[in-house]
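Here's the structure we're looking at; comments come further down.
Derivation of every value follows stated rules applied to the coordinates shown; laboratory data play no part. What you see is a predicted model, and the numbers here were worked out from it, not measured in a lab. All Cβ positions, even for glycine, are placed from backbone atoms using ideal geometry, and neighbour counts span all protein chains on display.
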Amino acid sequence: MRLAFRLLSIALAASASGAAQANPLVYTPVNPTFGGSPLNGPFLLNRADAQNQHKDPNAPTAVNPFSAQSQLDQFNSALQQAILSRISAAVSSSVVGADGKLIPGTVQTQNFTISISDLGGGKLRIVTTDKLSGSSTSFEISQ
C-alpha cells in the first residue's frame, strides 16, 4: 500500500507540473515626458515641488501674494481700492440715466475730468483727463 501511495503521488506530481508559462515583462513609463499617462503629470510635479529644498525667501507665496507688503501697506491698499470703488459708483450713477444709458455731459472729480460726448448714430466718446498731469484716455461705445 505504501508503494502504491508513492507511485500515485509521483504520478500526480508529474502530471501537474506541465509546461510553465510566463508573460514577457513590458516597461510602461510613468512620466508623461517619456510616454507615460498625461494624468500623472500634476502628481509628479506636486511631488517634485514638495521635495524642492531651494526656495526664494523673497518670493510671494500663493497663500499670501502681498507678503512683500507690511500689514499697514496692505490695509492702505484695500482702503484706497474701497474709496476708488465708491467714487467710481458715484460718478457712474451721475452719468447713467434711469434707462441705463449714458447721459452726455462732464463730471468733475478732484483729480479727473470725465467728458461724455454724443457722436451721433448711438455712439458716445468718453474722455478721462488727469487734472494733475494733463494726460487723457478716450474710448468710444455704442448704446
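Key figures
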{"read-out": "Relative packing of 23-33, 96-106, which averages over residues the other C-beta atoms within 10 Å, highest first", "value": "96-106, 23-33"}
{"read-out": "Value of relative contact order over the range 48-143, rounded to a whole percent, pairs C-alpha under 8 Å and six or more apart", "value": "13"}
{"read-out": "Note, ³J(HN,Hα) from phi for the range 40-57, Karplus 6.51, -1.76, 1.60, rounded to Hz, x at Gly and Pro", "value": "7, x, x, 4, 5, 5, 5, 5, 5, 5, 5, 8, 5, 8, 9, 10, 7, x"}
{"read-out": "Extension gain from SER117 to GLN71, taking 0.36 nm per residue of separation minus the Cα-Cα distance", "value": "12.3 nm"}
{"read-out": "Stokes-Einstein D (µm²/s) once Rh is taken as the Kirkwood radius of the range 66-143 over alpha-carbon pairs, at 20 °C in 1.002 mPa s", "value": "148"}
{"read-out": "q = 0.13, 0.14, 0.19 Å⁻¹: log10 I(q)/I(0) that the Debye formula gives for the chain, counting C-alpha atoms only", "value": "-0.86, -0.89, -1.18"}
{"read-out": "Rough spin-label spacing in nm, given labels placed 7 Å along Cα→Cβ, for ASP49 and GLN110", "value": "4.2"}
{"read-out": "Mean Cβ count within 10 Å, highest first, over the residues of peptides 117-130, 80-93", "value": "117-130, 80-93"}
